[in-house]
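Each remark here refers to the structure printed beneath this line.
Just so you know, all these numbers are worked out from the coordinates, no wet-lab data involved. Remember, predicted model here, so these are calculated numbers, not experimental data. Cβ placement follows ideal geometry from the backbone for every residue including glycine, while neighbour counts extend to all protein chains displayed.
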Amino acid sequence: MNERVPGAEVSAVAMIALAPGFEVFCRNVGETHALYHEIFVEKCYEKACAGLSSSDVVFDVGANIGLTTLFLHRRCPGLQFHCFEPIPDVARVMRANLGRFGVDAKIVQAAVSDQAGTVRFQCYPNNTVMSSIFADKNEDRAISERYLANCGVDEDSIRYLLEGKFDAVEIECESVRLSDVIVREGVDRIDLLKIDVEKSEAHVLAGIDDEHWPLIRRVALEVHDVHGALNATIDKLASRGFSCEVSRSPLLEGTTLYDVLALRK
């Protein structure tokens, strides 16, 4: 489903203040504060947005409730967004947040993969940011445990904080290929392609046809380095004309998660 952002009317969700004058809709308060810290405090997309100009085109793949889009919108007003989020309740909150702040965005309520159709998606209602086609509750919980331990949280508190966070429900959702969206929407450039899709990043990249890679100026993605995924991703991007920089938040030390920023040479 692809639609323009309508007005921000949401029921059965909370509105919380993340900073003075910055209130957003959310479903999970703790999750939203953690996302805000990563995006607005640690500024994990600071380098990715350097050099963006008004009217540039951004694809936000794995947009969740829209905080990355809001960060980029606040840093560079006038950006044009295509935001992808498969979980209906989460997409509804994102739609409201982007409408509330007047963001120029098209929302695609779908998973992004290498095939168009439908997929079975494992959703963690109490931890939506880690939901995935390839969710594994034991692996995902281990990442969260390490993250909290790196934050200085003790073991008893970690057990309490993660109670119920990985109770999953399976949903069926539409899947789309990025190249199909590029053709359908008449996109002639992507100045930033942001990907945060919890182990599906290789499938997202595989859904870009050869003729569309030259349209992409930069890529910022999270990689789960399982079975050599990090090196494979770097090699894939290098073969498409990008130079890559790899980093990782200190709070994710000891996990399989890395951030890759790829800039066209």
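Quick look at the values:
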item	result
Cβ-derived FRET efficiency at R0 30 Å, K265 paired with D89, nearest 0.05	0.15
Net charge contributed by nearby residues that have their C-beta within less than 10 Å of R264 (K/R +1, D/E -1)	+4
20 Å reach of a label modelled at A206, 7 Å along Cα-to-Cβ, counting backbone N of the stretch 167-198	173-182, 194-198
For the stretch 123-132, 3J(HN,Hα) per residue [Karplus equation, 6.51 cos²θ - 1.76 cosθ + 1.60, θ = phi - 60°, Hz, x = Gly/Pro]	10, 9, x, 9, 7, 4, 5, 9, 5, 5
Extension gain (nm, one decimal) between S249 and E46, 0.36 nm per residue minus Cα-Cα	71.8 nm
DSSP-defined antiparallel bridges as percent of all bridges, the chain, nearest 5	60
Neighbour-count order for T255, T32, T68, fewest beta carbons within 10 angstrom listed first	T255, T32, T68
Net lengthening on full extension, D167/C151 (0.36 nm per residue, minus Cα-Cα)	3.4 nm
Kirkwood Rh, angstrom, the stretch 36-90 [1 / mean 1/r, Cα pairs]	11.6
Cα-based Rg / Dmax (Å) for the chain	17.4, 52
Amide H within-cut-off set for D209, under 5 Å, with H built and near neighbours excluded	S179
Computed over the stretch 133-265: relative contact order in percent, which uses C-alpha pairs under 8 Å that are six or more apart	26
Added length on full extension, which subtracts the Cα-Cα distance from 0.36 nm per residue, R240 to H227	2.5 nm
Residues in the stretch 233-249 that a label on E139 would reach, taking backbone N under 18 Å of a point 7 Å out along Cα→Cβ	233-234
Within the stretch 53-85: backbone nitrogen closer than 17 Å to the D104 label point (7 Å, Cα to C-beta)	53-60, 69-83
